[in-house]
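The values are calculated or read from the model by the stated rules, or taken from the named source; none is laboratory data. Nothing here was measured: the structure is a model prediction, and the numbers come from that model. Quick reminder, even Gly has a Cβ in these numbers, built from the backbone with ideal geometry, and neighbours come from all protein chains shown. All accessible areas refer to the heavy atoms of the entire protein, side chains included, with ligands and DNA or RNA removed. Shrake-Rupley method; radii C 1.70, N 1.55, O 1.52, S 1.80 Å.
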Amino acid sequence: QVQLVESGGGLVQAGGSLRLSCAAFGSIFSINTMGWYRQAPGKQRELVATSTSAGSTNYADSVKGRFTISRDNAKKTAYLQMNSLKPEDTAVYYCNADLSTAWGRPPRPYWGQGTQVTVSS
């Protein structure tokens, strides 16, 4: 059983900062890409940022220069530092991890339960 547990969401004023965390628990052999996605009301889930096990990162254009993804592989944890937050960043943020649970078993995606981020104007 694998669980991704997110924390760090909340209410913040525009221009403020939040830091999200996502910790992976359970029987995990290896983790490839970890990432953050978000879904605003009435909209589709969209990619925010990803980080590979080798350290490569990718960001949505809308968050470049404001958000930073990082990870601690030893702790099986990913972080999303969000600065200069805007009301349009308001969404439920979901952690995603592409991981394998055993030697020889192909990796597959797992999702966290989501954490609400609300940015007031």
### Task
Quick one: what are the phi-derived ³J(HN,Hα) couplings along the stretch 64-74, Karplus 6.51/-1.76/1.60 with θ = phi - 60°, whole Hz, x for glycine and proline?
4, x, 10, 10, 9, 9, 8, 8, 10, 5, 5
### Under-5 Å amide H pairs with Phe67, H placed in peptide plane, nonlocal only
Asn83
### Message
Keeping every protein chain present and rolling a 1.4 Å probe, give me the accessible area per residue for the chain in Å².
### Response
53
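At R0 = 25 Å, how high is the FRET efficiency between Ala74 and Ser17 if r is their beta carbon distance? Nearest 0.05 is fine.
That gives a FRET efficiency of 0.50.
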### Cβ crowding within 10 Å averaged over residues, with 87-93, 54-60, 76-82 ranked highest first
76-82, 87-93, 54-60
### Message
Apply the Karplus curve 6.51 cos²θ - 1.76 cosθ + 1.60, θ = phi - 60°, to the phi angles in the stretch 2-8 and return the couplings in whole Hz, x for Gly and Pro.
### Response
10, 10, 10, 10, 9, 7, x
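With an 8 Å Cα cut-off and a minimum separation of 6 or more residues, compute the relative contact order for the chain in percent. Provide the component values of the computation, followed by the final result.
Values: 309 pairs, mean separation 43.6, N = 121.
Reported relative contact order: 36 percent.
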### Query
Taking the simple approach of a point 7 Å from Cα along Cα-to-Cβ for both Ala40 and Ser56, what is their distance in nm?
2.9
### Query
Can you give me the pair-distance distribution of the chain, C-alpha pairs, 10 Å bins, whole percents?
14, 48, 29, 9, 1
## Note on the structure
Listed residues Arg108, Arg19, Arg38; largest mean-square fluctuation, Gaussian network over the chain with Cα springs below 10 Å, found at Arg108
### Task
Could you run the Karplus curve 6.51 cos²θ - 1.76 cosθ + 1.60 with θ = phi - 60° over the stretch 105-113 and give me ³J(HN,Hα) per residue in whole Hz, x for Gly and Pro?
8, x, x, 9, x, 10, 10, x, 7
### Query
So, with a 1.4 angstrom probe, what is the percent of accessible area on the chain that is carbon and sulfur?
48
